[in-house]
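Enquirer: Have a look at this one before I ask anything.
The values are calculated or read from the model by the stated rules, or taken from the named source; none is laboratory data. Computed from a prediction, not measured in an experiment: that's the story for all the values here. As a convention, Cβ positions derive from the backbone with ideal geometry for all residues, glycine included, and neighbour counts pool all protein chains shown. These accessible areas exclude ligands, DNA and RNA; they are computed on the full protein's heavy atoms, side chains included. Shrake-Rupley method; radii C 1.70, N 1.55, O 1.52, S 1.80 Å.
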Amino acid sequence: GVVQLLGMNPIFEVVAEAGDFESAMAAVRQSEPDLVLLDLNMKNTSGVEILTAVKQEDPSIRVIMLTVSDSSADLLQCFQNGADGYLLKDQEPDQILEDIRRGLNGQTVLSGPMNQVLAECLKEDGFGKERRMSDLTDRELEILKLIAHGQTNKEIARVLSISDGTVKVHVKHLLRKLSFRSRVEAAVWASENNL
């Protein structure tokens, strides 16, 4: 069904399908995809296990979870392990395609109802108590604000008149300084702190 859905938009080309850990990793190594769509529940493994392995192998590959689970624990675990998006399968097909397209273009994507789930989950965990904006340089703070507004690295580079590569370096530094594993965590934290 997902392959048929992707076939409706000519910008997507499905290069491989896999149903377990070994075949998924073999497909990633052979096909070098720009984006991987992963379910959480797979034969003899979890999508999180594959997500982690894909990101270790090549952090530049975009990974979007496409699942039925609206569990806050699943959502948080995926983002903590480097997911670039978390979409629910019960969304309208057109919305799924649009979110995947945005994810392919570098944006972090999240099904609407999951925004609130993520915010609540992070609040409950006492999220961000030791993090200080004062640890960031002025440029990193500017970039964090733009991330919080949902801007991609390319868009940030355009706004600040710097290269994509420079943005990537700043993003990497600010995530490390604030102990975040993903842009989504940083964006939620920035919003919670009225940045």
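Enquirer: 5 Å is the cut-off here: which amide hydrogens, built 1.01 Å from N in the peptide plane, fall below it relative to L66, excluding neighbours closer than 5 in sequence?
Expert: For L66, the qualifying residues are L38, D39, L40, L87.
Enquirer: Per DSSP helix of 4 or more residues, -39500 (n - 2.57); summed, then divided by the residues of the chain. What does that give at 222 nm, rounded to the nearest 500?
Expert: -16000 deg cm²/dmol
Enquirer: So what's the angle, to the nearest 10 degrees on a 0 to 90 scale, between helix 164-177 and the longest Cα principal axis of the chain?
Expert: The angle comes out near 70 degrees.
Enquirer: To the nearest whole percent, what portion of all C-alpha pairs in the chain is separated by more than 23 angstrom?
Expert: 44 percent
Enquirer: Next up: Just the number please: accessible area per residue for the chain, 1.4 Å probe, all protein chains included, in Å².
Expert: 54 Å²
Enquirer: Percent of Cα-Cα pairs per 5 Å bin, from 0 to the last occupied bin, for the range 133-193, please list those.
Expert: All Cα pairs, binned at 5 Å, distribute as 4, 21, 36, 27, 11, 1 percent.
Enquirer: Helix 93-104 against the longest principal axis of the chain: what's the angle in degrees, Cα atoms only, rounded to the nearest 10?
Expert: Approximately 60 degrees, to the nearest 10.
Enquirer: Sequence-distant or interchain residues sharing an amide H contact under 5 Å with S46, placed H: which?
Expert: Those qualifying (amide H under 5 Å, at least 5 residues apart or on another chain) number zero.
Enquirer: Counting other Cβ atoms within 10 Å, keep those with at most 12, restrict to DSSP loop, and tell me which GluC sites (Glu not before Pro) in the range 3-101 are left.
Expert: Within the range 3-101, the qualifying GluC sites (Glu not before Pro) (loop, at most 12 other Cβ atoms within 10 Å) are E13, E17.
Enquirer: What part of the accessible area of the range 133-193, given as a whole %, is carbon or sulfur when the probe is 1.4 angstrom? Kindly include the intermediate steps, with their values, before the conclusion.
Expert: Numbers: 1570 of 3200 Å².
Ligands and nucleic acids excluded, carbon and sulfur give 49 percent.
Enquirer: A further question follows. Restricting to DSSP loop positions (anything but H, G, I, E, B) with no more than 12 other Cβ atoms inside 10 Å of their own Cβ, which trypsin sites (Lys or Arg not before Pro) remain in the range 1-73? Write down the numbers at each step before the final one.
Expert: On the way: sites: R29, K43, K55, R62; in loops: K43.
Of the trypsin sites (Lys or Arg not before Pro), the ones in loops of the range 1-73 whose Cβ has at most 12 other Cβ atoms within 10 Å are K43.
Enquirer: If you don't mind, another one. Along Cα→Cβ, 7 Å out, is where each label goes; now give me the distance between the ones at N41 and N194 in nm to one decimal.
Expert: 4.3 nm
Enquirer: Extension gain R101-E49, at 0.36 nm per residue separation less the Cα-Cα distance, in nm?
Expert: 16.3 nm
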